[in-house]
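Have a look at the structure below before the remarks.
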Amino acid sequence: MSSNLTAVSYGVNLSLSELEHLRKVLSGSGATFTSESRSGDERFGVYTMGLAVDGATDTDLSGLRRRVAEASAPGMDTAIVADALRDASRKLLIMDVDSTLIQQEVIELLAAHAGKREEVAAVTEAAMRGELDFAQSLHARVAVLAGLPAAVVDVVRAEVRLSEGAAELVAAFKAAGHAVAVVSGGFNQILRPIAEELGLDYWIANELEIVDGFLTARSLAT
């Protein structure tokens, strides 16, 4: 039995050589091509390939996705999506927030007001390398915020910028009748107004503890 999949590639510039390399990776993994199309706008190119893979198990598909990810050129990403998911009448889009829905890392914006942006950025990078688990890195970063006035939250909220295309993506999903959610290790005080403005269906984040008008060294799970 074959698995029907779609490979969706996107990037600022999708060159013919990059797409040809992707085809070789896919065909070398046993995929046959059923359709191809190009779309996009002046910001991003999108290339879609329909695929059929005979007898593919979940392990096989995981391996295919890994090989495609390893073969992707800088600035190009490819998602391998089961047609059953693409054809579903209602979908749920789940996103991260920092450096995904928005352009910045909120904890670093907050830390800048304490004069500790570089220190916090170093902890973030260590966590991304797997040297710290998430709880350790969160506690270490929030600790530097102790003593900041609560008003800094409003200042940082005004500094946040959505990633290019984020608002359009959410609006398109919502217009098509789908649900959109975000899950963040950041903070509700920043996320809530963004989520409400975009009309997100679900969101979850931590809460910065504020006592007597000042940030403490703690965050509260919600």
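The values are calculated or read from the model by the stated rules, or taken from the named source; none is laboratory data. Just so it is clear, the structure is predicted and the values come from calculations on it, not from any experiment. Glycine also receives a Cβ, built like all others from the backbone with ideal geometry; neighbour counts cover every protein chain displayed.
Just to confirm my filter: which helices (runs of 4 or more DSSP H) fall fully inside region 19-133 and include at least 1 residues that are among the basic types (Lys, Arg)?
Details: elements: 58-71, 83-86, 106-112, 117-128.
Qualifying helices (runs of 4 or more DSSP H): 58-71, 83-86, 117-128.
Residues of region 1-17 being over 23 Å from the mean Cα position of the chain (by Cα) and either under 27 Å from ALA88 (Cβ atoms) or assigned to a helix (DSSP H, G or I) (or both), which ones?
Filtering region 1-17 for residues over 23 Å from the mean Cα position of the chain (by Cα) gives 1-4, 15-17.
Passing the criteria: MET1, SER2, SER3, ASN4, LEU16, SER17.
Are any of the residues in region 22-43 loosely packed, with under 12 Cβ neighbours inside 10 Å, of a type in the set (Asp, Glu), at negative phi and at pLDDT 90 or above?
No; the residues of region 22-43 include none that is loosely packed, with under 12 Cβ neighbours inside 10 Å, of a type in the set (Asp, Glu), at negative phi and at pLDDT 90 or above.
Can you pull out the residues in region 179-197 that are of a type outside the set (A, V, I, L, M) and surrounded by fewer than 16 Cβ atoms within 10 Å (Cβ to Cβ)?
Taking region 179-197 as the starting set, the residues that turn out to be of a type outside the set (A, V, I, L, M) are 184-189, 192-193, 196-197.
Matches in region 179-197: ARG192, PRO193, GLU196, GLU197.
Output the residue which, of all residues in region 56-78 that are of a type in the set (Gly, Ala, Ser) and touching a Ser or Thr at 6+ places or on another chain (Cβ under 7 Å), is farthest from GLY165 (Cα to Cα).
Here is the first cut: in region 56-78, the residues of a type in the set (Gly, Ala, Ser) are 56, 62-63, 69, 71-73, 75.
Remaining after also requiring touching a Ser or Thr at 6+ places or on another chain (Cβ under 7 Å): 56, 72.
Working: ALA56: 34, SER72: 21 Å.
Among residues in region 56-78 that are of a type in the set (Gly, Ala, Ser) and touching a Ser or Thr at 6+ places or on another chain (Cβ under 7 Å), the one farthest from GLY165 (Cα to Cα) is ALA56.
Sort out which residues of region 180-200 are farther than 21 Å from ARG141 by Cα, in contact (Cβ under 8 Å) with a residue 40 or more places away in the chain and over 16 Å from the mean Cα position of the chain (by Cα), and write them in order of number.
The answer is none; no residue qualifies.
Quick one: count up the residues across region 150-178 that are loosely packed, with under 13 Cβ neighbours inside 10 Å, touching a Phe, Trp or Tyr at 6+ places or on another chain (Cβ under 8 Å) and at pLDDT 95 or above.
So the count comes out to 0.
What number goes with the only condition from (1) touching a Gly at 6+ places or on another chain (Cβ under 7 Å); (2) modelled with pLDDT of 95 or more; (3) among the hydrophobic types (A, V, I, L, M, F, W, C) that LEU93 does not pass?
Every condition holds for LEU93 apart from (1).
Of everything in region 112-140 that's among the acidic types (Asp, Glu) and surrounded by 12 or more Cβ atoms within 10 Å (Cβ to Cβ), which residue is modelled with the highest pLDDT? Full working, then the answer.
If we filter region 112-140 for residues that are among the acidic types (Asp, Glu), which is where we start, we get 118-119, 125, 131, 133.
In the following step, the residues that additionally are surrounded by 12 or more Cβ atoms within 10 Å (Cβ to Cβ) were identified as 119, 125.
Values: GLU119: 87, GLU125: 84.
It comes out as GLU119.
Taking the options ALA205, ALA127, ALA143, name whichever one is in contact with a helix residue (DSSP H, G or I) (Cβ under 7 Å, 6 or more places away or on another chain) and in contact (Cβ under 8 Å) with a residue 60 or more places away in the chain. Give the steps one after another, and end with the answer.
Numbers: ALA127 fails: in contact (Cβ under 8 Å) with a residue 60 or more places away in the chain; ALA143 fails: in contact with a helix residue (DSSP H, G or I) (Cβ under 7 Å, 6 or more places away or on another chain).
Of the residues listed, the single one that is in contact with a helix residue (DSSP H, G or I) (Cβ under 7 Å, 6 or more places away or on another chain) and in contact (Cβ under 8 Å) with a residue 60 or more places away in the chain is ALA205.
Residue by residue, here is whether (1) touching a strand residue (DSSP E or B) at 6+ places or on another chain (Cβ under 6 Å); (2) among the charged types (D, E, K, R) holds:
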{"position": "TYR10", "(1), (2)": "yes, no"}
{"position": "VAL25", "(1), (2)": "no, no"}
{"position": "VAL46", "(1), (2)": "yes, no"}
{"position": "ALA71", "(1), (2)": "no, no"}
{"position": "ASP96", "(1), (2)": "no, yes"}
{"position": "LYS116", "(1), (2)": "no, yes"}
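Just wondering, is there one or more residues in region 183-205 that are closer than 30 Å to ASP87 by Cβ, assigned to a helix (DSSP H, G or I), out of contact with any Phe, Trp or Tyr (no Cβ under 8 Å at 6 or more places or on another chain) and assigned by TED's automatic domain parsing to the domain that holds ASP98?
From region 183-205, those closer than 30 Å to ASP87 by Cβ are 183-184, 195, 198-204; that's our starting set.
Among the residues that remain, those that are also assigned to a helix (DSSP H, G or I) are: 195, 198.
Now restrict to residues that are out of contact with any Phe, Trp or Tyr (no Cβ under 8 Å at 6 or more places or on another chain): 198.
Narrowing the set further to residues that are assigned by TED's automatic domain parsing to the domain that holds ASP98 leaves 198.
Yes, region 183-205 has at least one match.
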